[in-house]
1. Taking only protein heavy atoms and a 1.4 Å probe, what accessible area per residue, in Å², does the range A:209-362 have with all protein chains in place?
2. Apply the Debye scattering formula to the protein assembly as shown, with a single equal point scatterer on each alpha-carbon and no solvent, then give log10 I(q)/I(0) at q = 0.07, 0.09, 0.10 Å⁻¹.
3. So if I place +1 on the C-beta of Lys and Arg and -1 on the C-beta of Asp and Glu, and nothing else carries charge, what would the dipole magnitude of the protein assembly as shown be about its Cα centre? I want it in debye, nearest 20.
4. When a/c reaches 1.5 or more, the comparison of a/b and b/c decides; with that in mind, is the range A:248-333 rounded, prolate or oblate per its Cα gyration tensor?
5. With every protein chain present, what accessible area does residue A:345 have (1.4 Å probe, heavy atoms only), rounded to the nearest 10 Å²?
6. 7 Å from Cα along Cα→Cβ at both residue A:12 and residue A:428: what's the point-to-point distance in nm?
7. Given 0.36 nm per residue, what is the gain on full extension from residue A:519 to residue A:390 after removing their alpha carbon distance, in nm?
8. Ignore the peptide's own chain and count Cβ atoms of other chains within 10 Å of each Cβ in B:81-89; give me the average, rounded.
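The values are calculated or read from the model by the stated rules, or taken from the named source; none is laboratory data. Everything numeric in this text was worked out from a predicted model, so none of it was measured. Ideal geometry is used to build each Cβ from the backbone, glycine not excepted, and the neighbour counts take in all protein chains shown. Keep in mind that these areas ignore ligands, DNA and RNA; they rest on the heavy atoms of the full protein, side chains included. Shrake-Rupley method; radii C 1.70, N 1.55, O 1.52, S 1.80 Å.
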Amino acid sequence: MAGTVLEGRSLTQNARLRCDVCIVGSGAGGATAARVLARAGLSVVVLEAGGNNRKDHFTMQEHEVYPLLYQEAMRRATADLSIGILQGRTLGGGTVVNWTTSFRTPEHVLEHWRDRYGLTALTPAALEPHFAEMEGRLGVYEVPDEQINANNRKLWEGAGALGWERTRLRRNVRGCRQIGYCGMGCPFDAKQSALVTLLPDALAAGATVVTDCDIRRLRLAGGRVTAVEGHFHHPEAGDRGTGFDLVVEAEICIVAGGAINSPALLLRSELPDPHDRLGRRTFLHPVAAAIGHFADAISPWSGVPQSVSCHHFVRRPEGMGFFLEAAPLHPVLFAGAITAHGAQHREAMEHLGHTAASLAILVDGFDPSEPGGTVTLHDDGAPRLDYPHTPRLQEGIRAGIEASTRLLLAAGATRVLTPHEPPVSITRETELPRLAFAPTGPNLVRLFSAHQMGGCGMGADPAESVVNSDLCHHSIPNLYVMDGAVLPTSLGVNPQFTIYGLVHRAATQLALRANAVKMD
Amino acid sequence: MTLDRRTVLVRGLWGGLLLAAGGSTFLALRPSARVELPPEPLHALSPAHFAILLAVVTRCVPPPASTPATCRDTVVRLDTTLAQADARTRNDLLRLLGLLDNALAGFLLDGESTPFSRLDAAAQDAVLERWRLSRFALRRTGYQALRRLAATHFYADPAAQRAIGYPGPPVGVQ
Ligand SMILES: Cc1cc2nc3c(=O)[nH]c(=O)nc-3n(C[C@H](O)[C@H](O)[C@H](O)COP(=O)(O)OP(=O)(O)OC[C@H]3O[C@@H](n4cnc5c(N)ncnc54)[C@H](O)[C@@H]3O)c2cc1C
Ligand code: SF4
């Protein structure tokens, strides 16, 4: 029987629901769990804080779509604003706004997790069928040469000229029209986001989806979650409440609000946390972007946003690794990201059509010296993230900016501007030593993150993790976390498929267990 | 231990500096500049806030050549954004504007006793530059908040986008 989507903003009374499985969050993790569990015959309710936004809402106007589709109207950042946080908040979560790059979890990362966190079940062979199933459903293909836009072409050529390892990317799109608006929601439904794949599958199998509801608390009794509580609001109007609330009673609760939000929900619920792990080890893949000016037109807003990458420096023995990718540049995003002031800002904006960007994406969380970020709560219950700029991070940023600068110059840039305050302008290789004098530290180098991970880390030892490799909470047997929050480290590749794979595996096992209990 | 960490971290962002700027002395009360207000009513900004933000936007993101997009319209858009933001964000930003224009704080930290909004353009740039590169982390944070809001709201205007050669969405898509 086909399920329904309820828009919380239009409900005129409190809502009380009862189900087998309640899932908080409809992004990569939540939607995957919903599909698997609904198809297994369980009654599933998915709760989403964002709106029921569809392709008609994806107007390709930045000022209209960012407040609809991103956390905190795209103003989310670390508490000191030193790292801007791009994170989705809409039906389908980050999968609706992401740039579609699709990587499986690297084997050396799984090996590190097995050795360091006792996650012995997570072998490449164990995950293989789950990756394969999700890649098939989401239409993953390798980008052909003719789909590489000018922005990515510069990255490809620069890496090639320097002899650096470079890769053609895979992405989850069917029938791409290559207009470059992935970050604003695909207006053609070509991007195979959860919104057009996994959630319709779950609905077809009878799931109920409720949008516009902010889940505030899990209710606990007798060491189990008995219900989740939230209220309805208008996500497009500053989260103004409608005055009505929601309680869902469930046998099983899955928290899938994504990193930052999932640990915040568990903190608000005052769950037992004897080892102080909740919200700890939040990783961001911090990004430092260098921009290159080219004589030829780049039109960096147009075409497939990401089609190539350079993983040459992903495992640097001398410090934090990083990988390089391009980024789609639209005016609002770009204006807020660059570090120029006044006339310099205007000049950088006027060059936008001839600009290519190289993002150095830092691989955080693999060294014992890195605590990662910490999620706590503001007085109003909203999450607050503090992220330390360790010496290791600062060294990695410096190396990453230098590599991006070299790459853009090798690709023919006439000038490279770094993300320092103020930007350092480099026109030839011999000027690179000037980067050594550029400032370091919070808000002296502009950073952002599109990949949030951790905060409810998985591991075998309850003293240093929140969930086990089945994504079940260590001390609350009917509570699961199924999203990016469970990653014990960052990845060194874009995270969506790691989340798809891990959650598909855990949800498949949960479905077997839950159905066995039902039959008893 | 857990409690300590959380209570320390949830302190308000601007607590420290506001304390430094507190007190109802003569300097702290020197008024902001007056500027002509838009015809439509403001929702979140006071006339003083409007004047301070107008100066910030004008200094941070001067308009590209030959565009009808203006810094005044930008501040009107910012007013709407702030009116819709959650109370914590709005209050933090309004306090930040107050602090930037607070003559006592400016005098104590920089020897500058004229409110920011009353300074000439070069002096305003100098103040923003001091905040941008300050050894006080909170001032750097404040500068980032201001420039980011100014830049993203200025370039939200399709006229500003056209002025830098951005074609906007392909025609006929929707
Ligand atoms: C601009 C951008 C580009 C990206 N590009 C790529 C890419 O190319 N490749 C890649 O692999 N990854 C990319 N990512 C990252 C990827 O999209 C995310 O890692 C992934 O979506 C995270 O999945 P998740 O399930 O952890 O959370 P999300 O997908 O973020 O979903 C969580 C959902 O839960 C909801 N929620 C949270 N708290 C609550 C609550 N209390 N009550 C109700 N609902 C709640 C949120 O609103 C959200 O919709 C990108 C991300 C962004 C923002
Ligand atoms: S580039 Fe392709 S997937 Fe992205 S918005 Fe355009 S059509 Fe959709």
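1. With all protein chains present, the range A:209-362 gives 29 Å² per residue.
2. Per q value, in the given order, log10 I(q)/I(0) is -0.45, -0.75, -0.94.
3. My answer is approximately 300 debye.
4. Judged from the Cα gyration tensor, the range A:248-333 comes out prolate (a/c at least 1.5, a/b above b/c).
5. Spelled out: residue A:345, probe radius 1.4 Å, area about 0 Å².
6. The modelled label-to-label distance comes out at 7.4 nm.
7. Fully extending the segment from residue A:519 to residue A:390 adds 41.2 nm.
8. Mean partner-chain Cβ count within 10 Å for B:81-89: 5.
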